[in-house]
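The values are calculated or read from the model by the stated rules, or taken from the named source; none is laboratory data. Quick caveat, the model's predicted, so the values are computed rather than measured. For neighbour counting, all protein chains shown are included, and Cβ atoms are generated from backbone atoms with ideal geometry for every residue, glycine included.
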Amino acid sequence: MAHNHGKADWTDDERVQRMANSYKVRYDDRFWKAFSSLTNRDSQPVVADFGCGPGLLLADIANRFKAHTAIALDESEQMLALAEKNLRELTKLESIDIQHVNFDTDEIQMEKNSIDFAFSGFMLHEVANPLDFVTNVKRVIKSNGIFVVYDFVSGNEEMFVKTVARQGMSEEDARKRYPHMCKHSADDIVEKLETSGFSDCRLITIDAVRAVVVGLKR
């Protein structure tokens, strides 16, 4: 199998910790402004993060939406262990569900129409078949639930290099990974959501290299 240059090695404890440490850089004020503008909702009882990483974003979303249940899904056991710790320490959730999932090969073990709000951050570029992934997420979202995708997008290599440098990546690594981590345009992401059946899709682009895209399940 060819190496996926868009995907980091999340079995590396140092790299996992580095991702946790860069949380506020990746999810900065500009992200939250776009997120708030596109979601604009109060209570979301059941929230899920597909590719949850260290769980810090899921904790923030659970608190923001007054959720009682959070579902953390990731391929990395190291990330999931950190996510569980952070969710227990940073939230007052009634239920925390931790799921180890390889999004390229595993079916999402969740009942149809079971979650109110789904999120996926910096992950769509990693999956082998993004449309299949988005379609699987749609299956488990309730009617009138929403899916938010946040990812790097194509079109500005220099801005990408500058952006990931703030997260600790070297220029050499950034240029090597640019075409793989930015393989979709913002419009590509909207098209994938619409093709899978989401409606009222909207997007906001940040820094020319990050996009927040929201779709509604009717």
Q.
Give all pairs with beta carbons closer than 7 Å in which a residue from segment 49-62 that is farther than 14 Å from residue 82 by Cβ meets a residue that is modelled with pLDDT of 95 or more and part of a helix (DSSP H, G or I); count only pairs at least 6 apart in sequence or on separate chains.
A. 50/137
Q: Return only the number of the condition from (1) free of Cβ contacts under 8 Å to residues at least 24 places away in the same chain; (2) closer than 30 Å to residue 113 by Cβ; (3) buried (at least 19 other Cβ atoms within 10 Å of the Cβ) that residue 169 does not satisfy.
A: (2)
Q.
Please return the ranges of helices (runs of 4 or more DSSP H) entirely within segment 28-139 where 2 or more residues are within 23 Å of residue 189 (Cα to Cα).
A. 29-39, 56-64
**Q.** Selection count, segment 61-81, where residues are more than 23 Å from residue 12 (Cα to Cα) and of a type outside the set (A, V, I, L, M)
**A.** 6
Q | Which listed residue is over 15 Å from the mean Cα position of the chain (by Cα) and basic (Lys, Arg), from 24, 92 | A | 92
Q.
Can you tell me how many residues within segment 167-211 are part of a helix (DSSP H, G or I), within 20 Å of residue 19 (Cβ to Cβ) and under 15 Å from the mean Cα position of the chain (by Cα)?
A. 1
Q. Could you say whether any residue in segment 206-215 is surrounded by 14 or more Cβ atoms within 10 Å (Cβ to Cβ), in contact with a Lys or Arg (Cβ under 8 Å, 6 or more places away or on another chain) and at pLDDT below 95?
A. yes
Q. Taking segment 102-126, which residues are acidic (Asp, Glu) and free of Cβ contacts under 8 Å to residues at least 12 places away in the same chain?
A. 106
**Q.** residue 72 being surrounded by 21 or more Cβ atoms within 10 Å (Cβ to Cβ), under 17 Å from residue 148 (Cβ atoms), small (Gly, Ala, Ser) and in contact with an Asp or Glu (Cβ under 8 Å, 6 or more places away or on another chain)
**A.** yes
Q. Quick check: is even one residue across segment 178-196 closer than 16 Å to residue 130 by Cβ, crowded, with 16+ Cβ neighbours inside 10 Å and of a type in the set (Phe, Trp, Tyr)?
A. no
Q: Would you point out the residue of segment 135-166, among those that are aliphatic (A, V, I, L, M) and modelled with pLDDT under 95, that is farthest from the chain's Cα centre (by Cα)?
A: 165
Q: List every residue pair whose Cβ atoms sit under 7 Å apart, with the two residues 6 or more apart in sequence or on different chains, where the first one lies in segment 1-22 and is among the β-branched types (Val, Ile, Thr) and at pLDDT 75 or above and the second, anywhere, is crowded, with 16+ Cβ neighbours inside 10 Å and not in a loop (DSSP other than H, G, I, E, B).
A: 16/78; 16/79; 16/82
**Q.** segment 75-86, subset polar (S, T, N, Q) and farther than 8 Å from residue 55 by Cα, residue surrounded by the fewest Cβ atoms within 10 Å (Cβ to Cβ)
**A.** 78
Q. Can you tell which of 33, 66 is at negative phi and either at pLDDT 95 or above or surrounded by 15 or more Cβ atoms within 10 Å (Cβ to Cβ) (or both)?
A. 33
